[in-house]
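Report on the structure given below.
The values are calculated or read from the model by the stated rules, or taken from the named source; none is laboratory data. Fair warning: this is a prediction, and the values are worked out from it, not measured in the lab. Heads up, the Cβs are rebuilt from the backbone with ideal geometry, glycines too, and the neighbour counts pull from every protein chain shown.
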Amino acid sequence: MAKTAADDQIKGVGRRDVLECMVWAGTGVLWTVSGGVPHSIGLIGEAAAAEAVSGFTFLQMSDSHIGFDKAANPDALGTLREAVAKVKAMPVKPSFIIHTGDITHLSRPAEFDNADKVFGETGLQVHWVPGEHDIIDEDRGKAYLDRYGKGAKGAGWYSYDDHGVHFIGLVNVVDLKAGGLGNLGAEQLAWLEADLKGRSNSTPIVVFSHIPLYVLYREWGWGTDDGQRALDLLKRFGSVTVLNGHIHQLAQKVEGKMTFHTALSTAFPQPAPGSAPSPGPMLVPADQLRSKLGLSTVTVMQGNKPLAIIDKTLAG
């Protein structure tokens, strides 16, 4: 596998117990983790993947940026429709979708309306967390909370249980720190500690947020200022999967018993860390755009085992 500019950046941010850090590109790569080391099973279809592991599946989708219409992708709503068409064509329907933020580009009502309409075509429940682009309305996130925050705490954090897995949606896009680093805040961290209290160490945990909880690339604000405090609360559990969006490219690493996965956008790509003067929409030839966009299928296996993730691009 070719080394990318992001490999060195990711390897530099983990603690000493990081066993392996990887960035994947391409379609249909099923990877699983055994003994803390990711293993590629190969390029296989989703039906074969479902047979390879037992359990239930859900989808991660991210960074739809409905309303974006610049040169990097003049039709972000159209590429979201393409992603949803892939979901509708899946032979085995996933249990639900987790969307890791930036549903919209400018938090406008029409953008939320369009997103709701397209995601509604999947027939699946969607669990949301906001991105920074979802809370830039005049009321600083009221539009997002009115639609997606019913029953949530604070700025929209919550948890739920499904198939024996404990899912936690965190919000780290409010009151961003210097350089754009995410922030959880004392209130949310106290809630997280209480939410985890009393849960068995063997409980599989899936955490999802918009910005990475670890600091992937500080210079571009790709990380969470107080994210380590959340990770410290999670490290006692035997299987923890941490999902995020924000950087619009695949980035994966394993640290102890935690697996971190950043999903592709359905709207536009961004440059690898340090490969450009700044982050932002990256213009690629039109015939390459769909190879940079996609979604992820996550399979939860029976027992206290790591999750298997298939990343698939719109070109696949």
Test result for residue 232, surrounded by fewer than 17 Cβ atoms within 10 Å (Cβ to Cβ) and under 18 Å from residue 125 (Cα atoms):
no
Just the residues that are within 14 Å of the chain's Cα centre (by Cα) and in a loop (DSSP other than H, G, I, E, B), please, taken from region 236-262.
245, 246, 247, 248, 249, 250
Residues of region 69-89 that turn out to be in contact with a strand residue (DSSP E or B) (Cβ under 9 Å, 6 or more places away or on another chain) and in contact (Cβ under 8 Å) with a residue 60 or more places away in the chain, as a count:
5
Picking from 170, 189, which residue would you name as being touching a helix residue (DSSP H, G or I) at 6+ places or on another chain (Cβ under 6 Å), within 14 Å of residue 233 (Cα to Cα) and not basic (Lys, Arg)?
189
Can you tell me which residues in region 189-204 are of a type in the set (Gly, Ala, Ser) and within 18 Å of residue 228 (Cα to Cα)?
190, 194
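Restricting attention to region 94-116, and to residues there that are of a type in the set (Asp, Glu) and in a helix (DSSP H, G or I), which single residue is nearest to the chain's Cα centre (by Cα)?
Applying the first criterion (of a type in the set (Asp, Glu)) to region 94-116 yields 102, 111, 113, 116.
Still in the list and also in a helix (DSSP H, G or I): 111, 113, 116.
Numbers: 111: 20, 113: 22, 116: 19 Å.
Taking the candidates together, the pick is 116.
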Top-ranked residue in region 123-140 [being surrounded by fewer than 21 Cβ atoms within 10 Å (Cβ to Cβ) and within 27 Å of residue 240 (Cβ to Cβ); ranked as nearest to the chain's Cα centre (by Cα)]
127
Is there a residue in region 223-233 that is under 26 Å from residue 312 (Cβ atoms) and of a type in the set (Val, Ile, Thr)?
no
If we take region 120-235, then helices (runs of 4 or more DSSP H) inside it with 3 or more residues that are under 23 Å from residue 59 (Cβ atoms) and without any contact (Cβ under 8 Å) to a residue 60 or more places away in the chain are 142-148
I need a count of the residues in region 252-262 that are buried (at least 22 other Cβ atoms within 10 Å of the Cβ) and within 17 Å of residue 100 (Cβ to Cβ).
6
State yes or no: is residue 191 surrounded by 14 or more Cβ atoms within 10 Å (Cβ to Cβ) and closer than 30 Å to residue 114 by Cβ?
no
Scope region 175-191; condition more than 12 Å from residue 246 (Cα to Cα) and out of contact with any Phe, Trp or Tyr (no Cβ under 8 Å at 6 or more places or on another chain); matching residues:
175, 176, 177, 178, 183, 184, 185, 186, 187, 189, 190
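Given 118, 129, which one is within 22 Å of residue 215 (Cβ to Cβ) and at pLDDT 95 or above? Outline the logic, then answer.
On the way: 118 fails: within 22 Å of residue 215 (Cβ to Cβ).
So the residue among 118, 129 that is within 22 Å of residue 215 (Cβ to Cβ) and at pLDDT 95 or above is 129.
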Only one residue in 139, 102, 116 is within 25 Å of residue 165 (Cβ to Cβ) and acidic (Asp, Glu). Which one?
102
Please indicate, with yes or no, whether at least one residue in region 263-282 is in a strand (DSSP E or B), surrounded by 23 or more Cβ atoms within 10 Å (Cβ to Cβ) and at negative phi.
no
Mind listing just one residue for me: the one in region 185-208 that is in contact with a Ser or Thr (Cβ under 7 Å, 6 or more places away or on another chain) and not β-branched (Val, Ile, Thr) and, of those, farthest from residue 275 (Cα to Cα)?
195
